[in-house]
Every structure is written in C-alpha cells, then in structure tokens.
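**Student:** Before anything else, here's the structure in question.
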Amino acid sequence: MKLNTWEVTKMSKSLRKGKLVTLVLLMLCISIFPVEVLASDGVETSEVTFLPQSMESGWGLETIRAPQVWEKSKGEGVVVAVIDSGVDFSNELLKENKWHNKKEVPDEKDNDGNGYVDDLSGYSFSDEEGPLYYHGTFVAGVVAKTAPKVKVMDLHLLHSGGYFFATEWKKLIEAIDYAIDNGADVINLSLYFRVDPPSEFYRVVKRAYRANIPIVSIAGNNNKKVSNFKDHKGMIVVAAVNRDLKKASFSNYGKVVDVFAPGEEVVSVNPDGEYVIDSGTSLSAGYVSGVIALLLSSSPDLTVPEVKESISRTARKLEGKKIDLKLIDAGELLQKKSQS
C-alpha cells in the first residue's frame, strides 16, 4: 500500500481527538511510503536479463543513428549529470567516462570551496550506505554508449529500490543546483513524479534553463496519457518506442512528451559489471541525453530552446494510433546542424 500526502491528511482529519498513536502512525506513513518514485514501477525493476560479458550495443544505437555521427562527435568536452541511484564506474563500459572535479582532492576537505567535501566525481545526496541500486549505473551506461567520450557526473539521490520520497524535494533541488554550479552541460533526470513538483523545483529548472543546461526527464511507465509537469519548457520529456518503432506497451504519452527514443530491451551494464537487458522510459532518456551530448560537443553555444527545436525538427515521424510519435535521430540532427 502506498499513501500520498493528500490521502494521509484526509485520513488524519477524520480521527477523533485523543487517538495519538494512530496519528503518529499516519505521520510516519508520510515519511516511509514513497509519494514520488522512480519510473521503474512495473517495468525497470522486473526481469532484467543477463548477457555474456560483451560490448554489444543492442538495437537502440542503430535506430537513433548515433554511430553514424561518431566521426563528427563522440561527446567530447560535454558533462552529463546523472541524478539517480549512484553510478559504478568500475566496469568496461563506464571506466573512461567518469567526470573528475579537478579542484578537489581526497583529503576530507572542501578544497574548491563549493560546500561539498571530497566531491571528486559528483556527490551523494542520499543518506543510505550499501550496495548501489542498479538503475543509475544502467542509465549512465546508455548515455556513455551513445556518446562514448562524454563525462558523467554522478549525483546519487535515490534510495535502494529506486525510491524517491516526498520529504526529499530539497535534496533533488540541491542536486540540480550542484550540477548547474559545477559544470554540467546536460542533466539526466530519469525520475517519474506521481504528483506535480513544488514551485521550488520549477525555480531550479528555470535556473538551469537560464544557464543553457537542458534537463532530460521521462514520461513514465504506466501506459497512460500524462501531463506530469505544469511547466516543462526547461525540460525535454522522453517516451519510449519498441523494436517495431511503435510506442512501447508500458510507455506513457501525451502533449508533455517532446520526443521518443528506444526503451524496450535496452542493453547496458549493472554495478557488478554485468551486461544486462532492461526496459523503461528512464533508458530512453539516457539515449536522448547522449544525443544531446553529441550535439553540444559540436555546437556548444546552443540554448535550451535551440536544442529542443533542433531535436523536434529533425526527429523521424513515425506512425502511431492517435499519438504523435517523433523518434530522436542523431544522424539527421548533427547533419542539419552542421549545414546551418
């Protein structure tokens, strides 16, 4: 059972005076049960398929035509902040993609004066310790295989199991602020919010927008029409297609969606260094963040509106039942940009 804050408040008002124990239990529900959770419910945490140790790219890269542009750009000089469940870089796919804070050394001091101690390759905003949940490493792997020379800034936020709690909006906002202040060029935010975010979230999104840092977010995995952001002009919202280039059966859709990308049977790596297959719009966002890295590496002065317009204008138009499907196309995107 999962309660949201409105449900808990409504229930608490119906309590008779004096039932303090019940009230305390209900208050605990607000902090224990997740309100906003990762878009993994029903898709990304189920049936992860293990592959032989290999660099198999899967069908997604060819579909978005990323390899065709690698002679022009591999994401050199671009930093993608992955706000997720933490990234394990000790594997073949990600070992060359770790972002390094050159102003920081591991001495338990804040050498660069940014307010964070030993933030060598990012920072953990999570209070949990222990093994990493696979999701962040998997998403980072999708970004890196799309843009092989990109650097990934690891901003650990999510709890084990991929949960993001209602009490943690401040941590998410702080993580986005960190990315803005410490050199990120793109922010990958593979989180699905069941409720509309607070105004403070939109303020930090606008701050990223003014700094020309696109935030790549997701439509979610509930196979429904959504409008989960009241104001998403600073974000690029991504939905998923399957191998047949149709909307993936799990993918949400709606006017909030800017572009589609492969999201079914995606190949990447987990924190144990094993190559696995998984599905979800979070992985679609990884492809889009990677493509934007390819674009910004060759055209670093683009604004967020210019990035969004370029992606929309060059996307492949696909047939869909009452849904406007536009598939991101790295080949067309970089070709048109080089001609302009």
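The values are calculated or read from the model by the stated rules, or taken from the named source; none is laboratory data. The model shown is predicted, which means the values in this text are computed figures rather than measured ones. Here the Cβ is made from the backbone with ideal geometry for all residues, glycine too, and neighbour counts use every protein chain on show. When the accessible area is computed, the model is the full protein with side chains, heavy atoms only, and any ligands, DNA or RNA have been set aside. Shrake-Rupley method; radii C 1.70, N 1.55, O 1.52, S 1.80 Å.
**Student:** At a 1.4 Å probe, what is the % contribution of carbon and sulfur to the accessible area of segment 152-292?
**Tutor:** Values: 2000 of 4470 Å².
That share works out to 45 percent.
**Student:** What distance in nm lies between label points placed 7 Å from Cα along the C-beta direction at N114 and S227?
**Tutor:** Inter-label distance under the simple model: 3.8 nm.
**Student:** Multiplying the sequence separation of D181 and R313 by 0.36 nm and subtracting their Cα-Cα distance, what value in nm do you get?
**Tutor:** 44.5 nm
**Student:** Here is a further query. What is the calculated FRET efficiency for D324 to T303, with r their C-beta to C-beta distance and R₀ = 22 Å, to the nearest 0.05? It would help to have the intermediate numbers written out before the result.
**Tutor:** Working: r = 24 Å, r/R0 = 1.09.
According to the calculation, E is roughly 0.35.
**Student:** Assuming 0.36 nm per residue, please report the length gained on full extension of the stretch E76 to L245 beyond their Cα-Cα distance.
**Tutor:** On the way: separation 169, 0.36 × 169 = 60.84 nm, distance 2.93 nm.
Result: 57.9 nm gained on full extension.
**Student:** Something else: In the structure displayed, which of K145/K326; K151/K308; K103/K170; K225/K247 lie more than 24 Å apart, Cα to Cα?
**Tutor:** Values: K145/K326 22 Å; K151/K308 21 Å; K103/K170 26 Å; K225/K247 12 Å.
Long pairs (Cα-Cα over 24 Å): K103/K170.
**Student:** Let me ask something else about it. What FRET efficiency do you get for T167 and V105 if R0 is 22 Å and r is their Cβ-Cβ distance, rounded to the nearest 0.05?
**Tutor:** The value I calculate is 0.10.
**Student:** While we're looking at this one, here's another question. Students often get this wrong: which residues of segment 168-190 have the backbone nitrogen under 11 Å from the point 7 angstrom along Cα-to-C-beta of A211?
**Tutor:** Counting only backbone N, you get 174-187.
**Student:** Give the accessible surface of segment 235-340 per residue, rounded to a whole number of Å², with probe radius 1.4 Å and ligands, DNA and RNA excluded.
**Tutor:** 37
**Student:** Ok, one more. Per residue, how large is the accessible surface of segment 179-233? Use a 1.4 angstrom probe and give square angstrom.
**Tutor:** 41
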